[in-house]
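The values are calculated or read from the model by the stated rules, or taken from the named source; none is laboratory data. Small disclaimer: the values here were computed from a predicted structure and weren't measured. Using ideal geometry, Cβ is built from the backbone for each residue, glycine included, and neighbour counts are taken over all protein chains shown.
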Amino acid sequence: MSTSRTAEIARPGVLPWTLGDRVVVALNDGFLAASLGLVQGIPVDEAACLQRDGFRSAETPRITVNAFLILGGRAPVLVDAGMGSGGPATLGHLPSALRACGLAPEDIGTVLVTHLHSDHIGGLVGPDGAASFPNAEVVIPEAEAAYWLADGAEARAPDAAKAGFRRAVALAATYGDRLRRAGAGEVLPGIEAVPAPGHTPGHTAYRVQSGDRSLLIWGDVVHLPAIQFARPEVGLTFDVDGAVAAATRKRILDRAAAERSLVAGMHLDFPALGYVRRDGAGFAWVPEQWSVAS
């Protein structure tokens, strides 16, 4: 195929999966070019070996950024909203993914937020400060709100983290009474919030149930699959509490492997749905099969 013909092939970053009587669509927002200097709990040379063994770059590791669309309820539900326009050019592709699904921002009824880091909420507010999803209710975990939106939180934060607190406050102000704080348990019919703390205090996974099928969308349990499945004790500097994040990761991976349950993640390689199996002292990722006929 010629280069010119190859350039014409659309790359919308969209893949739908049937889950009972619902459809869950993986949406790729792009990727973040990172560094193994972000990795904690393992020597850099060991992390580099794991990256190479997984056929991933050790020099400039990519952190994939995904969101998920849930169809089959009263209105489309979005889980996280990507980086938006405020990040590097390799991110911010969620709007085109939604268009490829035939959806406009006005069609989204609810946005479920796993946590309040920029690559998950940046897409909720446009560059003009307006709500990107004008008809949506935004659901944030109660413990996240307590951490990011507490009086004086920005003033107490280190300088490098202050922008994140300002972003969270701006999000709350933009959505106003359409922002709902929710604890563990059912947040929408068939969708349950599952606390998964450590990466942030209120970091939350969402379990989608439809008939006898379920899917756990686990947010940021894993950032670098080639490293953290094999070595779940390894964290990133982004973790607010690394020890709690590692304990959460081990618990969720262990349960997913034991129950052979379907899971998805915001930083798993697209299309990001699959299974976890035990592999020696660690774990391994097994992608779900997909077919146009499924």
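Listed here are the residues, each with its yes/no results for (1) farther than 18 Å from Ile217 by Cβ; (2) assigned to a loop (DSSP other than H, G, I, E, B); (3) within 19 Å of the chain's Cα centre (by Cα).
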position: His115; (1), (2), (3): no, yes, yes
position: Ile121; (1), (2), (3): no, no, yes
position: Gly129; (1), (2), (3): yes, yes, no
position: Glu144; (1), (2), (3): no, no, yes
position: Ala160; (1), (2), (3): yes, no, no
position: Arg166; (1), (2), (3): yes, no, no
position: Val169; (1), (2), (3): yes, no, no
position: Ala173; (1), (2), (3): yes, no, no
position: Arg181; (1), (2), (3): yes, no, yes
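Using the structure shown, decide if Ser291 is farther than 24 Å from Ile42 by Cα and modelled with pLDDT of 95 or more. First the steps, then the outcome.
Details: farther than 24 Å from Ile42 by Cα: yes; modelled with pLDDT of 95 or more: no.
When the stated conditions are applied, Ser291 does not pass them.
Does the stretch 272-279 contain any residue that is out of contact with any strand residue (DSSP E or B) (no Cβ under 9 Å at 6 or more places or on another chain) and in contact (Cβ under 8 Å) with a residue 12 or more places away in the chain? Lay out the reasoning, then the answer.
Let us first name the residues in the stretch 272-279 that are out of contact with any strand residue (DSSP E or B) (no Cβ under 9 Å at 6 or more places or on another chain), namely 279.
Now restrict to residues that are in contact (Cβ under 8 Å) with a residue 12 or more places away in the chain: 279.
The answer is yes, given that some residue of the stretch 272-279 is out of contact with any strand residue (DSSP E or B) (no Cβ under 9 Å at 6 or more places or on another chain) and in contact (Cβ under 8 Å) with a residue 12 or more places away in the chain.
Between Leu103, Leu69, Leu78, Leu32, which is outside any strand (DSSP E or B) and crowded, with 16+ Cβ neighbours inside 10 Å? Even if it seems obvious, please write down each step before you answer.
On the way: Leu69 fails: outside any strand (DSSP E or B); Leu78 fails: outside any strand (DSSP E or B); Leu32 fails: outside any strand (DSSP E or B).
Just one listed residue meets the conditions, Leu103.
Taking Phe270 as the residue in question, decide whether it is within 16 Å of the chain's Cα centre (by Cα), farther than 24 Å from Pro195 by Cβ and surrounded by fewer than 20 Cβ atoms within 10 Å (Cβ to Cβ).
Numbers: within 16 Å of the chain's Cα centre (by Cα): yes; farther than 24 Å from Pro195 by Cβ: yes; surrounded by fewer than 20 Cβ atoms within 10 Å (Cβ to Cβ): yes.
Taking the combined requirement at face value, the residue satisfies it.
Taking the stretch 152-165 only, how many residues are surrounded by fewer than 15 Cβ atoms within 10 Å (Cβ to Cβ) and closer than 15 Å to Met83 by Cα? Before you say what the answer is, go through the steps one by one.
Of the residues in the stretch 152-165, the ones surrounded by fewer than 15 Cβ atoms within 10 Å (Cβ to Cβ) are 152, 155-156, 158-163.
If we keep only those that are closer than 15 Å to Met83 by Cα too, we end up with 163.
Count: 1.
Quick check: is even one residue across the stretch 169-181 among the aromatic types (Phe, Trp, Tyr) and touching a strand residue (DSSP E or B) at 6+ places or on another chain (Cβ under 6 Å)?
Our first condition is that a residue be among the aromatic types (Phe, Trp, Tyr); within the stretch 169-181, this holds for 175.
Right, trim to touching a strand residue (DSSP E or B) at 6+ places or on another chain (Cβ under 6 Å) and you get 175.
Looking for residues that are among the aromatic types (Phe, Trp, Tyr) and touching a strand residue (DSSP E or B) at 6+ places or on another chain (Cβ under 6 Å), one finds at least one in the stretch 169-181, hence yes.
Only one of Ala193, Ala168, Ala184 is closer than 20 Å to Phe68 by Cβ, crowded, with 20+ Cβ neighbours inside 10 Å and small (Gly, Ala, Ser); which?
Values: Ala168 fails: closer than 20 Å to Phe68 by Cβ; Ala184 fails: crowded, with 20+ Cβ neighbours inside 10 Å.
Every option except Ala193 fails the conditions.
Can you name every residue in the stretch 155-193 that is in contact (Cβ under 8 Å) with a residue 40 or more places away in the chain and at positive phi?
Gly190
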